[in-house]
Amino acid sequence: MNYFAHLLFSFALVYGLLYAFSLIAPIQIPVNLQTIAVIGLGALLPDVDHPKTKVFKLIALLFLIIGTAFIHSAFFSSGHEENLNNSLNAITGFAVVFNQNVIAWVVSFLAALVLFGIILLLKPKHRTITHSPLAALLFAAAVALITKSVFYGITGFAAYTSHLLVDKIS
Ligand SMILES: [Zn+2]
């Protein structure tokens, strides 16, 4: 099933459930960015184990950007100002700092790339761990913790489970 069908089914299912629930309980059906993000993520995240999916590509891109920035800040962030102060003049100093910066960023990026390659080798097979009720529960717990809301946790669980259902029937 493609990502669009997963999104469509998750939104239909979660909002259908919310609507049904609103008939018997005094709740407001939430239409906000946070709810949409939780449903969208829950609907797509299970396929992160599949290299051909959009989620995988998006997460790969985010991983490289964040990984590069993280490695750079952890290993290369200090010392540039010192070099600038010790230099004879500002222009030479700038050139030195600029060169060091470019090299530092390239090294950081390569390190992030290697790290990603290692993760890729350890990655589970398609439709195994990420396509399990345990993963749905973990996702729900993570959402509830991050948003500090049980409601979002349950919403996330429903969205994630809907993905597993769609995979089962298709
Ligand atoms: Zn799937």
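The values are calculated or read from the model by the stated rules, or taken from the named source; none is laboratory data. Only a predicted model underlies this, so the values are computations on that prediction, with no experimental measurement involved. No Cβ is skipped: glycine too gets one built from the backbone with ideal geometry, and neighbour counts run over all protein chains shown.
Some notes on this structure:
- Figure legend. Inter-residue proximity from segment 159-170: first residues under 15 Å from Thr128 (Cβ atoms) and within 10 Å of the ligand (Cβ to nearest atom), second residues hydrophobic (A, V, I, L, M, F, W, C) and assigned to a helix (DSSP H, G or I), beta-carbon distance below 7 Å, spacing 6+ or different chains. Indicated pairs: His163/Ala43; Leu164/Ala136.
- Going through (1) modelled with pLDDT of 80 or more; (2) touching a helix residue (DSSP H, G or I) at 6+ places or on another chain (Cβ under 8 Å) one by one, Ile65 falls short only on (2).
- Residue pairs meeting the criteria (Cβ under 7 Å; at least 6 apart or on separate chains; first within 17 Å of Pro46 (Cα to Cα), in segment 114-131; second modelled with pLDDT under 75 and within 16 Å of the ligand (Cβ to nearest atom)): Thr130/Pro124
- Count of segment 117-155 residues which are closer than 28 Å to Thr68 by Cα, touching a helix residue (DSSP H, G or I) at 6+ places or on another chain (Cβ under 6 Å) and more than 16 Å from the ligand (Cβ to nearest atom): 1
- Neighbours by Cβ (under 9 Å, 6+ apart or cross-chain): first from segment 41-68, assigned to a helix (DSSP H, G or I); second of a type in the set (Lys, Arg) and within 9 Å of the ligand (Cβ to nearest atom): Pro46/Arg127; Asp47/Arg127; Asp49/Arg127
- Residue that is nearest to Ser170 (Cα to Cα) [pool: residues in segment 1-33 that are polar (S, T, N, Q) and within 16 Å of the ligand (Cβ to nearest atom)]: Asn2
- Pairs, first in contact (Cβ under 8 Å) with a residue 12 or more places away in the chain in segment 23-35, second surrounded by 10 or more Cβ atoms within 10 Å (Cβ to Cβ), C-beta under 6 Å, six or more apart: Ile29/Leu18; Ile29/Ser22
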